[in-house]
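Please read the structure below before turning to the comments.
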Amino acid sequence: MEKILYDLLFEQYGGALADEIAGGFVSRPVTLRVNRLKAGADEVFEELSRVGAELCPVKWYADAVIIKNLRESDIRKLDLYKDGKIYLQSLSSMLPPLILEPKEGESILDMAAAPGGKTTQIAAMTEGKANVTACEKNKIRAERMRFNLERQGAGRVSVMICDSRKLDPHFRFDKILLDAPCSGSGTVVPESCDFSMELYERSMKLQRELLTKALGLLRPGSRMVYSTCSVLRGENEDAIGSVKKLARVLPIDISRFEGVPTLPTAVPGTLLVKPTELYEGFFAAALERI
Ligand code: SAM
C-alpha cells in the first residue's frame with residue numbers, strides 16, 4: 001500500500017485500526033447478485049450448483065451469493081452471465097440501493113452511474129417499474145453501461161452522457177443515488193493501488209459539488225443516498241458535513257445488514273464498512289433534503 005494512504009489511515013483511525021484496515025486490503029472471492037428482471041434466485045442457485053459452484057448465502061440479501069471456489073472468468077463463461085440473469089458485484093456495492101429503497105413509479109436519478117451495477121440493481125428491485133435516469137460523464141463507460149442495461153433487461157432507464165453538475169436545475173427527482181467518484185481508498189488490493197494525494201483532493205472537491213447539486217435536484221422531504229468506496233473522512237463524513245445546512249442525515253438501520261463489518265464513523269447514522277476478506281471498504285449515508 002502507498003505510504004501516503006497508510007499515513008492518512010493512521011491519522012484517522014490510529015495505529016491498531018489502520019493496521020487492521022490495511023490487513024483487509026486483499027483479493028476477494030466472487031460475489032454476485034441475481035437479476036430478478038430475468039430469473040428467480042432458486043433457478044440461478046440451482047444452475048450455479050450444477051456447474052460446481054459452492055454457494056455461501058449473504059444474510060442481509062437473499063439475492064446475493066458468495067462463491068469461493070470459482071473465479072470471475074469462470075462465471076463470465078456461463079449462460080447465466082451471458083443472458084444477464086446474474087450481475088457480478090461486490091457485496092459492499094449492493095448496499096446503497098438497499099438503503100435508497102427505490103419504489104415502483106418513482107423518478108430516480110443515478111448521478112454517477114457507469115458501469116451500471118447499482119442502476120441495474122435499482123431496476124431489479126423495482127421490477128423495472130421505476131423511471132430511472134442514469135447519468136455518466138465518461139462516454140466509453142456510458143456505452144458499457146448501455147450494454148449492461150440491455151443485457152440485464154433494465155428497460156425503463158434513460159442514459160444521459162453528461163456532467164451531472166450541469167443537469168438542468170429545474171429537474172426534480174423522488175430519490176437520488178450519488179455513488180460518487182472517489183479515491184478508491186476502500187478497494188485497494190495487493191496487485192494494484194492507484195491512490196494519490198492529488199486524486200484524493202480532486203475527489204473531495206468533486207464530491208462536494210456533486211452532493212450540493214444532488215440536493216438541489218431532490219424534492220424537499222425526499223431522500224438521497226451518498227456513497228463512496230473510500231474509508232477516508234474527507235470523502236465521507238466531511239462531505240456530509242459540507243451540506244449540513246441543506247440536508248439532515250436519516251439514520252441507517254444497520255441491524256438490517258447483519259454480518260457487515262463496520263468502522264467507527266464520525267457522523268452517527270452513517271455506515272462505514274470495514275475492508276475485510278469479503279467486503280470492500282465503503283461509506284453510505286442517507287440524506288433528506290431540508
Ligand atoms: N455507480 C456505479 C456502479 O455501481 O456501477 C459506479 C460509479 S463510479 C464509483 C463513479 C462514476 O462517476 C464513474 O463512472 C465516473 O466516470 C463518473 N463520473 C465522474 N464525474 C462525473 C460527473 N461530474 N458527472 C457524472 N458522472 C461522473
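Read-outs: derived from the displayed coordinates by stated rules, not from any lab. Remember, predicted model here, so these are calculated numbers, not experimental data. In this analysis, Cβ positions are derived from the backbone assuming ideal geometry, glycine residues included, and neighbour counts consider all displayed protein chains.
General remarks:
- Residues in region 69-99 that a label on Asp253 would reach, taking backbone N under 20 Å of a point 7 Å out along Cα→Cβ: 94-99
- Estimated vicinal HN-Hα couplings, Hz - region 78-94 in sequence order (Karplus 6.51, -1.76, 1.60; Gly, Pro = x): 7, 4, 3, 6, 5, 8, x, 7, 9, 9, 6, 7, 6, 4, 4, 6, 7
- 222 nm mean residue ellipticity, helices alone, for the chain (DSSP H n ≥ 4; -39,500 (n - 2.57); rounded to 500): -9500 deg cm²/dmol
- Here the relative contact order of the chain, from alpha carbon pairs under 8 Å that lie six or more residues apart, stands at 20 percent.
- Candidate lysines for bridging to Lys82, where Cα separation is under 16 Å - those fewer than 8 sequence places away on the same chain excluded: Lys38
- Equivalent-ellipsoid semi-axes of the chain, from the Cα gyration tensor, Å, largest first: 27, 25, 17
- Using a cut-off of 26 Å between Cα atoms, the listed pairs Lys213/Lys274; Lys205/Lys245; Lys175/Lys205 include Lys213/Lys274 as exceeding that distance.
- Here the 3J(HN,Hα) profile of region 168-178, calculated from phi with Karplus coefficients 6.51, -1.76 and 1.60 at θ = phi - 60°, is 3, x, 7, 4, 9, 10, 6, 8, 9, 10, 10 Hz, Gly and Pro shown as x.
- Placing +1 on the Cβ of every Lys and Arg and -1 on the Cβ of every Asp and Glu, with no other charges, gives region 36-175 a dipole of roughly 480 debye about its Cα centre.
- For Tyr200, net neighbour charge (Lys/Arg +1, Asp/Glu -1) across residues whose Cβ lies under 15 Å away: -4
- Normalised by residue number, the volume inside the convex hull of the Cα atoms of region 93-138 is 60 Å³ per residue.
- Note on Ile140 and Cys162: the extension gain reaches 6.7 nm, defined as 0.36 nm multiplied by sequence separation minus the Cα-Cα distance.
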